[in-house]
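Here is the structure we will look at, set down as structure tokens.
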Amino acid sequence: LECVFLHCFCRDDDRGQIKTNYNVLNSTANRLARAAIDVIAGKSEPNGDGDYIIAVCMQPSDRLVTTLLAIWKAGAAYLPLDPTFPANRIEHILKESRPVLVIHEDYENLAVFGKTPAVAYADLRQKASPLSNANLLPEQMLGAGDNALALVLYTSGSTGVPKGVRLNHETILNRLQWQWNRFPYSETEKVGVFKTALTFVDSVTEIWGPLLNGMSIVVVPKKITNNPERLVELLEEYKIERLVLVPTLLRSLLLYLPLQKKKLLYNLRIWVCSGEPLQISLAKDFFDYFLEGVHQLCNFYGSTEVMGDVTYFVCESKKQLSNFDKVPIGYPLDNTVIYILTPDLQPVKPGEIGELFVSGLNLAQGYVNGRDPERFIDNPLAVDLIYSRMYRTG
């Protein structure tokens, strides 16, 4: 993925300001990558899964995005730690995932990091200042390769102990390329929105979808996301054309918008709902305010284990929705196969109930430390190597 970034950085286009920003981002990330490698020199070993991981405990900002890119350039995967996490959750994550370094932002309780080496971003930036801003060669990186790990995201633990999901570069790139092809950016679309917490999988597409396509992003603080009036102001100011949100937030916006004196957010042509079931009544309410044939409401289905989304359905009108009792989860993404199987892993007959399995490039590598191996299994129905494994959704 860092190579895709370099393609955006190096290409010759006429967007001078964006190109300058990419130059600064690239140079700073290269220096930070070298500094991070220097900090852990002689003390870095991959964890039990063979992964080099660098944890990040920072608030959303441009510094955070630069740090994430630097971690990839260093040949490691990034592991988000929310600074508001309870200490015991951070301790569990670090003990299990065994990162080689934690980069934090004036985090007060450093004892939580235990034996894991930790460095404040300000100190790392100072160490990076005199270092070369040239791109690192593969032999200078902690780890490299076509199937290298890019990201570890820990689940909420709502059904038990939190589990770390291991996502590689190929998996993330497959998801992004599908997005770029199916919902291409328009000529007028210059800025994307990063508002989802880094610990949630939707943040991956919010950050890297625009950045790896040569665009800018605006980082939205949580206090603005939770305030419909301020969020609408920001979306209007930057002429945002697409937004990922949970249905709960969509409902709040649909209650707020009709009360305003003028029509707002008509530039926002693509609305993506995920994370919660999209009720058909809410989907119909969407078209009471927005225009059929102009605005799209998309229902995405998936989980962290399958890079967030594996199926999608585009709501286009009230008439279309009148054909359904529920909003469908829709069709598989590129390089993805969905199965509904019996307990002995055979396809169900039409009308029968079965369990949903997912196969293809969107699958994670598994869980940290190989936990719950029964969820990622060999695919007895595979007809191609990329479908050799499948994920049991439960």
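Structural remarks
- Residue satisfying all of: in segment 117-142; surrounded by fewer than 18 Cβ atoms within 10 Å (Cβ to Cβ) and closer than 24 Å to L167 by Cβ; modelled with the lowest pLDDT among these: P138
- Strands (runs of 3 or more DSSP E) enclosed by segment 26-105 - at least 2 residues per element that are under 14 Å from Y154 (Cβ atoms): 53-57, 77-80
- Checking every residue in segment 161-169 against the condition of being closer than 18 Å to A364 by Cα, of a type in the set (K, R) and touching a residue at least 12 places away in the same chain (Cβ under 8 Å) gives at least one match.
- L361 at pLDDT 90 or above, farther than 18 Å from K163 by Cβ and within 21 Å of the chain's Cα centre (by Cα): yes
- One residue stands out among those in segment 329-345 that are part of a strand (DSSP E or B) and under 23 Å from the mean Cα position of the chain (by Cα): the one that is surrounded by the most Cβ atoms within 10 Å (Cβ to Cβ), which is T336.
- So G330, is it of a type in the set (G, A, S), touching a Phe, Trp or Tyr at 6+ places or on another chain (Cβ under 6 Å) and within 30 Å of I386 (Cα to Cα): yes
Let's see how each residue does on (1) touching a strand residue (DSSP E or B) at 6+ places or on another chain (Cβ under 6 Å); (2) at positive phi; (3) among the β-branched types (V, I, T):
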| position | (1), (2), (3) |
| --- | --- |
| L249 | no, no, no |
| L253 | no, no, no |
| K261 | no, no, no |
| L265 | no, yes, no |
| V272 | yes, no, yes |
| E276 | no, no, no |
| G293 | no, yes, no |
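- If you go through segment 346-385 and keep only what is part of a loop (DSSP other than H, G, I, E, B) and buried (at least 17 other Cβ atoms within 10 Å of the Cβ), you end up with L361, N362, L363, A364, Q365, N379.
- Flag if R175 is modelled with pLDDT of 95 or more and within 12 Å of the chain's Cα centre (by Cα): yes
- Meets criteria (under 21 Å from P99 (Cα atoms), more than 23 Å from the chain's Cα centre (by Cα) and part of a loop (DSSP other than H, G, I, E, B)) for L136: yes
- Among the residues of segment 139-183, just one is in a loop (DSSP other than H, G, I, E, B), in contact with a helix residue (DSSP H, G or I) (Cβ under 8 Å, 6 or more places away or on another chain), farther than 21 Å from R34 by Cα and of a type in the set (A, V, I, L, M, F, W, C), namely V161.
The values are calculated or read from the model by the stated rules, or taken from the named source; none is laboratory data. Please read all numbers here as calculations on a predicted model, not as lab measurements. All Cβ positions, glycine included, derive from the backbone under ideal geometry; neighbour counts span all protein chains shown.
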